[in-house]
Structure formats: structure tokens, C-alpha cells
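All remarks here apply to the structure that follows.
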Amino acid sequence: MARAVTPQRKALNTAIAAIVGALIFFPIFWTVLTSFKTEAQAIADPPVWFAFDWTLENYTAVNQRSDYLLHFWNSVVISVGSTLLGLVIAVPAAWAMAFVPGRRTKDILMWMLSTKMLPSVGVLVPIYLLFRQLGLLDTRTGLVIVLTLINLPIIIWMLYTYFREIPGEILEAARMDGANLREEVVHVLLPMAVPGMASTVLLNIILAWNEAFWTLNLTAAKAAPLTAFIASYSSPEGLFYAKLSAASTMAIAPILIMGWFSQKQLVRGLTFGAVK
Amino acid sequence: MATTHARAAARLMISPSVILLLGWMLIPLCMTLYFSVLRYNLLMPGDTPFAGIENYQYFLTDPAFTTALINTLVLVVGVLVVTIVGGTLLALLLDQPMWASGIWRILVIAPFFVMPTVSALVWKNMFMNPVNGLFAHLFKALGLAPFDFLAQAPLLSIIGIVSWQWLPFATLILLTAMQSLDSEQIEAAEMDGAGALSRFRYITIPHLGRAATVVILIETIFLLSVFAEILVTTNGGPGNASTNLTYLIYAESLLRFDVGVGSAGGVVAIILANIVAIFLMRAIGKNLDA
């Protein structure tokens with residue numbers, strides 16, 4: 001039985017939530033708004049809100065000036081590439097642990113998790129030197145490898161928690177009904193596994209897209225994804241707020257949209273299934 | 001009733017992941033340990049003689065280490081306090097009956113998806129800049145002197161930026177936990193005459209305990225490694241005022257090219273992170289049994 005709530009109370013709650021939400025979201029809103037201003041309007045005091053000459057010149061300028069598209073493409077290749085590679089390695093492992101659990105399954109899972117606790121900076125020097133030796137510095141391949149290994153434990157864990165929820169009896173039932181292995185996999189298992197796999201992919205693309213330790217330390221001009229490219233704005237020349245805003249807006253928009261779709265999975269993925 | 005055959009297949013399916021992670025963990029770890037006992041600077045080519053504990057001695061007695069250790073603690077604890085307290089309040093708020101709750105939740109969660117370099121640069125330039133930032137405009141409108149956040153209160157400013165990024169995470173997880181709270185329990189307490197405060201104190205808080213523990217432990221793992229935010233805002237300065245352990249090791253290794261000292265610092269960081277990790281693993285491991 002839901003407790004009765006007066007409309008006034010509900011309106012008050014809504015108003016407070018709207019104000020708090022707007023405050024927290026404000027820096028993002030302001031960045032997007034500034035990206036449509038001229039550089040002079042971007043730093044105007046008092047700040048201009050909506051009554052300015054909306055312009056797309058910053059987007060054009062950013063795209064022309066600094067190979068923005070190359071860095072955007074690097075981000076796409078690195079985040080999608082590392083996620084798919086991770087998936088290929090993780091699906092069999094998670095599958096086996098969920099459906100053929102052994103005595104050591106739990107230990108293996110916990111050990112995999114523990115590799116995630118290794119602070120990146122602790123292995124910065126050897127990875128940097130290895131990459132230099134192997135010619136992997138400032139290459140997309142190098143970053144795909146590192147990000148795959150970093151996120152592999154999360155991918156395995158997420159898949160494992162999803163796969164474990166698929167009831168094994170359904171497989172047996174299908175087998176009894178005369179389904180062969182191929183039919184079993186294609187018609188019974190896959191449809192049940194796909195949503196979990198999609199959530200896993202989504203969350204890991206987000207994590208890889210925003211990763212900002214290895215991408216900053218292992219890339220220079222060529223393979224730098226957006227995280228590293230945006231960092232180059234930290235030593236600005238002249239007026240740059242509007243251009244910074246345009247570059248930032250393009251960098252965060254795709255991931256913001258994906259993130260909003262994956263709110264629920266986010267909790268599960270980031271807490272390793274400890275909170276659902 | 002897995003057969004021996006199935007077991008063998010399972011082992012085969014798991015092994016690529018295990019081998020890769022084992023390599024990823026052991027190879028760099030051994031190299032870090034090895035480098036940490038060598039006198040090895042990339043700027044000085046030639047021999048890399050055995051140095052014993054010299055690098056550790058240098059790293060641990062460097063005044064910058066003490067500063068960085070304290071800064072790391074202040075940063076981690078500061079952000080934890082802000083995000084746990086703020087996250088609990090936000091979760092309580094969003095858990096109330098209201099219209100369009102999905103929209104407000106989306107607004108609150110959004111900062112989590114902003115890449116660290118973007119949020120750091122946006123805060124640094126468009127808000128905290130002492131001349132052109134919004135805060136400067138606001139201070140001027142109020143007749144106050146401009147305040148150079150990142151120069152005068154660098155660590156506090158970084159705590160602010162990082163808290164903004166992690167507040168959504170704490171909120172989201174605490175909200176999820178709150179929504180799984182049994183409403184009948186609350187109603188029963190209400191009928192027994194428990195006030196709103198004691199309901200919160202004796203039902204909600206204990207229920208949130210586990211979720212809060214998970215938030216604290218996971219955030220700690222990430223917060224020990226805050227890097228990009230410092231790199232693009234203050235470069236660890238002024239002086240060492242905003243240098244944390246991660247940034248100090250980065251500076252030793254890739255700015256001063258001292259592989260030996262950087263590696264010794266890396267080993268120290270690994271040991272510190274492991275202490276946190278042990279507690280985290282216990283919390284998560286408990287859940288695995290359930």
C-alpha cells in the first residue's frame with residue numbers, strides 16, 4: 001500500500017529536485033551554451049545567457065584547427081576496439097564459470113578482481129619502457145591492449161553476474177525437447193544472454209572512452225584520443241573558452257547519451273554485482 | 001553434474017583470461033620491483049648498477065613524499081565525505097514521490113560521464129579562473145575581491161572538482177540500495193510511532209550500510225589514483241601543494257626520468273592500494289556467497 005502524498009508535498013519535492021538537478025548539471029549546460037558563443041561573449045561580464053548571436057564557428061574552428069576528427073576517431077577505435085576484444089576473451093570465461101562452476105571458481109573471480117586493484121601508477125614505468133621497446137608508444141594498438149587488460153576483470157564480472165541468472169533448467173528442457181547444441185545456443189542461450197552482453201559493452205565503452213591515465217601517458221600526437229587532446233587545452237593561447245567548450249561538448253555528448261541509457265547497469269557493473 | 005569432459009572444456013575457456021591477467025599483473029610487477037633496486041635514470045645512459053634500498057630511502061625521505069601522502073589522504077577523505085554525505089541526501093531526495101523524477105535523476109548523474117580532462121578544464125577556466133571565470137564574475141557582482149581558487153586553495157579546488165565527478169556514483173548506488181528497502185518495514189515503524197528521524201536512523205542507515213561500504217571502497221581505489229584532474233589544473237603545484245602520490249610518481253618517472261625512484265614509488269603505491277583492496281575484497285566476497 002503506497003502512502004498517501006499530498007500534491008503540495010509532491011510539488012515541493014519536485015521543485016527541490018529540479019533546483020538541485022539544475023545546479024549539478026549547470027557546468028555541463030554552461031559548456032554547451034558557451035560553445036555557441038563568440039570568444040568575446042564567452043568571457044563577457046556579466047555573463048550572457050541566451051541573448052547572443054548563436055554561432056557554429058567554434059565547431060568549425062575546432063574541426064579545422066587540430067585534426068579533431070582524428071582524435072575523435074582514435075577515441076572510437078580505442079574504446080570500441082578494447083571492449084570488443086575484451087568481450088571475445090571474456091565471454092567464454094564468464095560462460096564457463098557461470099554454467100560449469102568448480103570449487104575454485106570463486107577464488108578465480110576474486111583474484112581477477114584483485115588485478116583491478118593494482119594502481120596503474122605502480123606499473124607505469126615498466127609499461128612505458130616496454131611500449132617504447134616494442135614501438136607501441138603513441139599507437140592505437142598499444143592503447144587497445146592496455147585498456148582491454150584493464151577492463152577485462154569488469155567485463156568478466158559483469159557477464160558472470162548476468163549469465164548466472166540464466167536458469168540452467170531451460171537448457172535441459174530444450175535438450176529434452178530434442179534441440180541439438182547449435183539450436184540450444186542460437187535459440188535458447190543467445191536471446192537470454194544478449195541483453196547482459198549489451199549492457200556490458202555499453203558500460204565498458206564509457207569507461208574506456210573516459211580513461212585518462214594511460215591515454216595521457218602513452219600517447220602523443222598520433223594516437224591521442226579525446227581525453228589527451230582536450231588536455232592540450234590546459235596551456236591556452238589567447239581567447240579559447242568557446243573553442244574549448246565546443247571541443248568538450250563534442251567529446252562528452254556521445255558518452256553522455258550512452259550513459260543515460262545504461263544507468264541501471266552502471267550500478268551493477270561498477271560494484272561488481274555487490275549492489276543491484 | 002558437470003562431466004569431466006565439461007570441466008576440461010570449461011578450463012580451456014577460462015585459461016585465456018587467466019593467462020592474460022596473470023601476465024598483465026606479474027610481468028610489470030616484477031619489472032617494477034627489479035627497477036626499484038637499480039640506479040637507473042633515462043637521462044644518464046650507461047650502467048644501471050644495483051642500488052639496494054637507496055631509491056626507497058630517497059623516495060620515502062623526500063619531503064615531497066610526506067606532502068604527497070598527506071595530500072592523497074586529504075583528497076581521498078575529502079571527496080569521500082562530500083560524496084557520501086551529499087550522495088545520501090541526494091538519494092533521499094530522489095527517493096521521494098515527485099513528478100518527472102527520471103529527468104532530475106539524469107541531471108544529477110550526468111557529471112559521471114564527463115571525461116576527467118574535460119571536467120577539470122571546464123572548472124579551471126570557465127568557473128575558477130580569477131579573471132574570466134563565472135565565480136570571479138559572481139564575486140565581483142557581490143563586491144568581493146577575486147579569488148584565485150587553483151593558486152590559493154589548489155587542493156580544496158581539486159577536491160571540489162573530483163567530488164562533482166563522483167557525487168553521481170555515490171548517489172546512484174545509494175539510491176539503488178534505498179529503493180530496495182522494504183516499504184512495509186518503514187510503515188510498520190511508522191505505525192509503532194517512530195518519527196521520521198528515528199526511522200532514518202534505525203532503518204534506512206543500517207540498510208544503506210553495505211552499499212555505503214561498497215561506495216567508500218570503490219571510490220577509494222579510484223581516488224588514490226586521481227591524476228588527470230591534477231595534471232591539467234595545477235600540475236601538482238604551486239610547489240607541491242596539490243601533488244598526490246600518483247602525480248609524484250608520474251613526475252619522478254616521466255618528467256625527471258628517474259626509473260629507479262619512480263619504480264620504488266610505484267611499489268609503495270601498490271602496497272598502500274593493497275591495504276584498501278583487502279577490505280574491498282572482503283566486502284564483495286561476502287556478497288558472492290549470498
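Read the figures in this text as sums done on the coordinates, not as results from a lab. In this text the structure is predicted, and so the values were computed from the model without any measurement. As a convention, Cβ positions derive from the backbone with ideal geometry for all residues, glycine included, and neighbour counts pool all protein chains shown.
For the protein assembly as shown, build the charge dipole from Cβ charges (+1 Lys, Arg; -1 Asp, Glu) around the Cα centre, then report which of B:A196, B:I27, A:M158 sits farthest towards its positive end.
A:M158
Across peptide B:226-232, how many C-beta atoms of other chains are within 10 Å of each residue C-beta, on average?
Numbers: counts 2, 8, 11, 1, 0, 6, 9.
For peptide B:226-232, the averaged partner shielding equals 5.
When only C-alpha pairs under 8 Å and at least 6 residues apart count, what is the relative contact order of the range A:7-59, in percent?
Details: 22 pairs, mean separation 16.5, N = 53.
Answer for the range A:7-59 is 31 percent.
Quote the FRET efficiency, to the nearest 0.05, computed for B:L92 versus A:I257 with a Förster distance R0 of 30 Å and r equal to the Cβ-Cβ distance.
0.60
Where the centroid of each part is defined by its Cα atoms, how far is the range B:210-278 from the range B:68-109 in Å?
23
Run the dipole for the range B:49-289 about the Cα centre, Lys and Arg Cβ at +1, Asp and Glu Cβ at -1, nothing else charged, and hand back the magnitude in debye, nearest 20.
Details: 9 positive and 14 negative charges, 64 e Å.
Its charge dipole is roughly 300 debye.
Quick one: check the C-alpha center-to-center distance for the range A:82-125 versus the range A:9-66, whole angstrom.
Comparing the Cα centres of the range A:82-125 and the range A:9-66, I get a distance of 41 Å.
Suppose R0 equals 35 Å; then what is the FRET efficiency for A:L181 and A:W111 from their Cβ-Cβ distance, rounded to the nearest 0.05?
Details: r = 31 Å, r/R0 = 0.88.
FRET efficiency, A:L181 to A:W111: 0.70.
Suppose the Debye formula is applied to equal point scatterers at every Cα of the range A:7-59; what is log10 I(q)/I(0) at q = 0.16, 0.21 Å⁻¹?
Log10 I(q)/I(0), no solvent term: -0.59, -0.76.
Once you keep just the Cα pairs under 8 angstrom separated by 6 or more residues, what percentage relative contact order results for the range B:157-290?
Values: 76 pairs, mean separation 29.7, N = 134.
Once divided by the residue count of the range B:157-290, the mean separation gives 22 percent.
With point charges of +1 on the Cβ of Lys and Arg and -1 on the Cβ of Asp and Glu, referenced to the Cα centre of chain B, which listed residue (B:V85, B:F279, B:T3) lies farthest in the positive direction of the dipole?
B:T3
Could you give the dipole magnitude of chain A about its Cα centre, charging the beta-carbon of Lys and Arg +1 and that of Asp and Glu -1, in debye to the nearest 20?
Working: 19 positive and 15 negative charges, 148 e Å.
Roughly 720 debye for chain A.
Over the whole of A:226-235, what's the average partner chain Cβ count within 10 Å per residue? Rounded to a whole number, please. Don't jump to the answer; show the numbers that get you there.
Values: counts 3, 6, 2, 1, 10, 9, 3, 7, 10, 2.
Taking the mean over all residues of the peptide, I get 5.
Describe numerically, in nm with one decimal, the distance between label points set 7 Å from Cα along Cα→Cβ at B:T4 and at A:M192.
Taking the two extended label points, one gets 2.9 nm.
Write out the chymotrypsin sites (Phe, Trp or Tyr not before Pro) in the range A:18-53 meeting two conditions: DSSP loop, and at most 11 other Cβ atoms within 10 Å of their Cβ.
Values: sites: A:F25, A:F29, A:W30, A:F36, A:W49, A:F50, A:F52; in loops: A:F36, A:W49, A:F50, A:F52.
Counting only loop positions with at most 11 other Cβ atoms within 10 Å, the chymotrypsin sites (Phe, Trp or Tyr not before Pro) in the range A:18-53 are A:W49, A:F50.
Rounded if a/c is under 1.5, else prolate if a/b is larger than b/c, else oblate: which is the range A:19-139, with a ≥ b ≥ c the root eigenvalues of its Cα gyration tensor?
Prolate shape, in that a/c is at least 1.5 and a/b is the bigger ratio.
From the helices alone, meaning DSSP H stretches of at least four residues, give me the mean residue ellipticity at 222 nm for the protein assembly as shown, per-run term -39500 (n - 2.57), in deg cm²/dmol to the nearest 500. Walk me through the numbers on the way to the answer.
On the way: 27 runs with 391 residues, N = 566.
So the calculated ellipticity at 222 nm is -22500 deg cm²/dmol.
Defining a contact as two alpha carbons under 8 Å apart and six or more residues distant in sequence, what relative contact order in percent does the range A:67-234 show?
Numbers: 149 pairs, mean separation 70.6, N = 168.
Relative contact order here is 42 percent.
Give the average, rounded to an integer, of partner chain Cβ atoms located within 10 angstrom of each Cβ in B:245-253.
Numbers: counts 2, 6, 1, 1, 5, 7, 0, 2, 6.
Mean partner-chain Cβ count within 10 Å for B:245-253: 3.
Would you please give the residues with an amide H less than 5 Å from that of B:L38, counting only those at least 5 places away or on a separate chain, with H modeled from the backbone geometry?
B:A51
Would you look at the GNM of chain A, springs on alpha carbons closer than 10 Å, and say which of A:N13, A:N63, A:N151 moves the most?
Maximum among the listed residues: A:N13.
Hey, if you put +1 on the Cβ of every Lys and Arg and -1 on every Asp and Glu Cβ in the range A:140-259, which of A:M192, A:Y233, A:L149 ends up farthest toward the positive end of that dipole?
Among A:M192, A:Y233, A:L149, the one farthest towards the positive end of the dipole of the range A:140-259 is A:Y233.
Using a Förster distance of 60 Å, how high is the FRET efficiency between A:T60 and A:E169, based on the Cβ-Cβ distance and rounded to 0.05?
Working: r = 59 Å, r/R0 = 0.99.
Once rounded, the FRET efficiency stands at 0.50.
Might you report the magnitude of the Cβ-based charge dipole of the range A:143-208 about its Cα centre, with Lys and Arg at +1 and Asp and Glu at -1, to the nearest 20 debye?
Here the size comes out at about 280 debye.
If the elastic network links every pair of Cα atoms under 10 Å, which of A:I108, A:I205, A:I150 fluctuates the most in the Gaussian network model of chain A?
Taking springs between Cα atoms under 10 Å, the residue moving most is A:I108.
Identify which of A:L189, A:L149, A:L266 has the largest mean-square fluctuation in a Gaussian network model of chain A, with springs joining Cα atoms closer than 10 Å.
A:L189
Using the structure shown, list the pairs from A:K10/A:K264; A:K106/A:K264; A:K10/B:K140 with a Cα-Cα distance above 27 Å, or answer none. Display every interim value, and only then the final one.
Numbers: A:K10/A:K264 24 Å; A:K106/A:K264 25 Å; A:K10/B:K140 37 Å.
Beyond 27 Å between Cα atoms: A:K10/B:K140.
Is any helix in chain B, taking whole DSSP H runs, at least 27 angstrom long along its axis by alpha carbon and on average at least 1.6 on the Kyte-Doolittle scale, and which ones?
Details: long enough: B:4-35 (44 Å, 1.30); B:63-94 (45 Å, 2.22); B:154-179 (37 Å, 1.46); B:259-289 (43 Å, 1.51).
Answer set is B:63-94.
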